[in-house]
Amino acid sequence: MLEIFVCEDDPEQRKRLNSYIENYIMMENLDMKLVISTGRSQDILDYLQNNRVTGLYFLDVDLQEEKSGIALGAEIRQYDSLGAIVFVTTHSELTYLTFTYKVEAMDYITKDKFTDIRQRVIECIDTANTRYLQNKYNNIKKFQTKSGDKMISVDYNDILFFETSPQLHKIILHAKNRQVEFYGKLKDILEMDSRFYRCHNSFVVNKDNIAEVDTKNREIRMTNGEICYASSRFLGGLKDIIPH
Amino acid sequence: MKELLAVGAQMLTLCLSIYILNQRRFSLKFSLVMFIGALCIGYPLYILIGVPSIAIILLLCIASSYWKSRGIVFSIIFPIIAIIISVISDYITSGIFIRFFNTSPEEINDGFLNNMYYYPTYFVIAILLAFAVRFLFTRFQAYDLLFRRYGILFAILCVITVVIFYANILIGKQQGFTNANIQANSLLFAFYFILLIGVFMVLTRSVMKEAAMQGKQEQYERLLEYTDNLEMMYTDMQKFRHDYINILLSMSEYIRSKDMEGLSTYFDHKILPISQGMQNNNYKLGTLQNVKVQELKGILSSKLIRAQELHIDAVVEAVEPIEAINMDSVKLCRCLGIILDNAIEEAVKCEVSNLRVALVKRSGGLLIAVANSCQPDGPELHQIFEKGFSTKGTGRGLGLSNLREIVSQCAGVTLDTYRKDGQFIQELEVY
């Protein structure tokens, strides 16, 4: 069950949010429950300390206490890494990316622009629900690695190849529609999945995404047209895998 | 046999030096082909016309370098430097052999046994020199201004040096070398080489200074733009303060007369537009005040103001104060410049264009994220990172490949580029 939390210090607005949420859950008969609706951030944190939950959080950014909604979101993240955080804010659009990067917020709702708040709340509940169910039932395996504070996670199916950068220990991951750098070792990556193959001293390729192998020029063309290089020493191992 | 060995050793060092100097631009295979070609042409020519044959080999090397790399200045400079290196290391080796092993020059020329030691020594010295020169070049290559401005001068200087060296050798050949002769020559050449490097260093320093000055100037201009922007915002604010009292007065008038309808039309027509005005462009850069790094502030404000002039919805988010950033500021500005220019270029083409920059402090460092709207049917991601790729035809599109190059030079800086939900996002993380 997905548990819903609301932290909003204005009683009027809190009541309104509560009614939107509860009505929608009842109407659609969703497997959800509004657990806590409060003006004090500590209430939510206390609950999280004692219970393991996956939640949906509606947080006001400007709380009338020292802690801002963003800081609260960051603390919630420590207990509930999969939860969906939605910010309710008057700062219209000025901090959207910050929400995303600070606490991986799912969405934000603006209060001032006379937007249809009810509609936005419903949208957020729906997205959180689909995401929750997805996580629960079909666990798509993802390649995950940590780079500083950042968690890089890419579907194994999307990975084309890894390449070492001239900078020591830095690796560039080439994926469909993404190129990302992180610190690590090719040797460790090789061990993470059986699809990976060391085709060059400085390349590890995902065998599933090879379109063709040009043995003459020692080039591997990936499904999206990108070229990965192979060395003659490692080319032999590819021959048994890929039909030409 | 003796000539073959001599020519072979020389060609091998020549081609290998060119390979080393060119770093990753050439494959080893290409250099091997070059070596074999040079040997096939050079050996018969050497038998036929002697020393001047080197000029033809040199032309051959230059031509093939040009064919491979397309950069005229470097394809002249590198082979010539390789030849200078080979001549100098020849002299150094002779010097060593004469001084420490008491070998006479005739022995070096004739004695086959000595050649066995002579050529390896020569080879090692040449390769070491090539690496040293390459190190110098990589140090200064970041300042491409240097080669753009003085590249031709430098090429001419190199050509003249080679001519002088070989004139000397030719004259020496005709008159016969003596020990003293060779030692004097070695000294002279070494001196000349040091002089050349000295001139090069002085030149570099002045160019670097100039570049720094230019950077400062640009930064100053950007900050001027930013202050203009701030002043405009301030005038807006004053206007609003003036209006504010009036608005309150007229509202209280409506309330006193209980004219709800009048109040509601007044609200719709007078007050709502003001709230929209508050979301006007000028305010979207307001959070830049939190950026305390001047260079960063400068480049962000100038690029975003330009974006707004192109009617892009450009916003900067900097919630926390940013006092320092752990990256060379020149490189940071170049990276951001490239990222923002690309973002603006792409965003302009979209129907709903937006550009969003966020500066987010993380426990380990700073994250700079740039997100812009992009066309749904754009080119594949890896294509835009390729050198020379551009949606605007050839000769452009060094942008993103340059970006990758700069980032790969910096320790503790990583780049994440992806496309998601119609947004093109670049995240530069500095630890």
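Filtering segment A:181-190 to residues that are under 20 Å from A:Ile220 (Cα atoms) and under 21 Å from the mean Cα position of the chain (by Cα) leaves only A:Ile189. Against the definition (within 13 Å of chain A (Cβ to nearest Cβ), touching a residue at least 12 places away in the same chain (Cβ under 8 Å) and surrounded by fewer than 20 Cβ atoms within 10 Å (Cβ to Cβ)), how does B:Pro376 come out, yes or no? Judged against the criteria, B:Pro376 is a match. Could you tell me which residue of segment A:168-195 is farthest from B:Leu428 (Cα to Cα), considering only residues that are without any contact (Cβ under 8 Å) to a residue 12 or more places away in the chain and surrounded by 14 or more Cβ atoms within 10 Å (Cβ to Cβ)? So, considering only residues that are without any contact (Cβ under 8 Å) to a residue 12 or more places away in the chain and surrounded by 14 or more Cβ atoms within 10 Å (Cβ to Cβ), the one farthest from B:Leu428 (Cα to Cα) is A:Ile172. When the residues of segment A:152-170 are narrowed to those that are under 21 Å from the mean Cα position of the chain (by Cα) and more than 22 Å from A:Val213 (Cβ to Cβ), which ends up nearest to the other protein chains (Cβ to nearest Cβ)? Step by step, filter segment A:152-170, then rank; the result is A:Ile152. The numbered conditions (1) at pLDDT 85 or above; (2) surrounded by 22 or more Cβ atoms within 10 Å (Cβ to Cβ); (3) closer than 16 Å to B:Asn229 by Cβ are all true for B:Ile339 except (3).
Of all residue pairs spaced 6 or more apart or on separate chains, those with beta-carbon atoms under 6 Å, a first member in segment B:228-255 that is in contact (Cβ under 8 Å) with a residue 12 or more places away in the chain and a second member that is surrounded by 13 or more Cβ atoms within 10 Å (Cβ to Cβ) are B:Met232/B:Asn282; B:Met233/B:Asn282; B:Tyr254/B:Gly262; B:Tyr254/B:Leu263. Against the test of being more than 30 Å from B:Met327 (Cα to Cα), away from chain A (no Cβ under 14 Å), within 43 Å of the chain's Cα centre (by Cα) and at pLDDT below 85, the options B:Tyr234, B:Tyr226 yield a single qualifying residue, B:Tyr234.
Every listed requirement among (1) within 11 Å of chain A (Cβ to nearest Cβ); (2) β-branched (Val, Ile, Thr); (3) surrounded by fewer than 19 Cβ atoms within 10 Å (Cβ to Cβ) is met by B:Ile368 save one, (3). If you check A:Thr100, A:Thr110 for being within 14 Å of another protein chain (Cβ to nearest Cβ), of a type in the set (Ser, Thr, Tyr) and more than 20 Å from A:Arg77 (Cα to Cα), only one passes: A:Thr110.
Apart from one condition, A:Thr215 fits all of (1) more than 24 Å from the chain's Cα centre (by Cα); (2) over 21 Å from A:Gly236 (Cβ atoms); (3) more than 12 Å from chain B (Cβ to nearest Cβ); (4) among the polar types (S, T, N, Q); the exception is (2). Scanning segment A:190-244 for residues that are in a helix (DSSP H, G or I) and closer than 26 Å to B:Pro379 by Cβ gives A:Lys207, A:Asp208, A:Asn209. Restricting attention to segment B:413-428, the residues that are part of a strand (DSSP E or B), more than 8 Å from chain A (Cβ to nearest Cβ) and more than 12 Å from B:Leu367 (Cα to Cα) total 3.
Between B:Tyr244, B:Tyr266, the distinction of being aromatic (Phe, Trp, Tyr) and modelled with pLDDT of 80 or more belongs to B:Tyr266 only.
Among the residues of segment A:49-62, is there at least one that is in the same structural domain as A:Leu133 (by the TED database), within 20 Å of B:Val360 (Cα to Cα) and out of contact with any Cys (no Cβ under 9 Å at 6 or more places or on another chain)? Yes, that holds for at least one residue.
The values are calculated or read from the model by the stated rules, or taken from the named source; none is laboratory data. Note that this is a predicted model, so its numbers are computed, not measured. Note that we place each Cβ from the backbone using ideal geometry, even for glycine, and neighbour counts take in every protein chain shown.
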